[in-house]
Each structure stands twice: as C-alpha cells, then as structure tokens.
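Working notes for the structure below.
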Amino acid sequence: MSSIQQVILEKLQKLPPEKQGEVLSYIESLQPETKEERSTPRGIWKEGAEITEEDIAQARREMWASFPREIE
C-alpha cells in the first residue's frame, strides 16, 4: 500500500459511518462511467432515478401526439 493510500485509510477510519458513506459516494462519482451505465435503464436507476406514473403518462402523450389520427 502506498503512503497516500495509508494516509487516506487512516483518515477515513476516524470518520463516523455516515461520513464514510459520503466519501464512498464521492469516490464512486470520480470513477468513469461505462457506456452501459449511462444508456440502460439499469444504469440510470442505479443512480436513484425515480420514474412516476405521471412521467410515464407524459411520455405516452408525447409519443402518441405524432401518430396520424386517420388511417388512409
């Protein structure tokens, strides 16, 4: 283990658990995302996104708005 890793670990161990969780979240935010994490529902929901029934209804309205009303 490098000296910087040792210093970080020592300081991390002195923090209360909730602060350790914040540090972990920050470290995870620094890591580059993969293409899959950004483009799939699983990747989006991993970040805690919530989709409500109203969101779904709005998406349906937008989708159906461009469909022709009369069949020729």
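Values quoted throughout were computed directly from the atomic coordinates according to the rules given, and no laboratory measurement underlies them. These numbers were taken from a predicted model, which means no experiment stands behind them. Glycine gets a Cβ as well: all are built from the backbone with ideal geometry, and neighbour counts include every protein chain shown.
For the pair residue 11 and residue 59, label points projected 7 Å from Cα toward Cβ lie 4.1 nm apart. In this simple spin-label approximation, residue 70 and residue 25 carry label points 7 Å from Cα along the Cα→Cβ vector, and these lie 5.5 nm apart.
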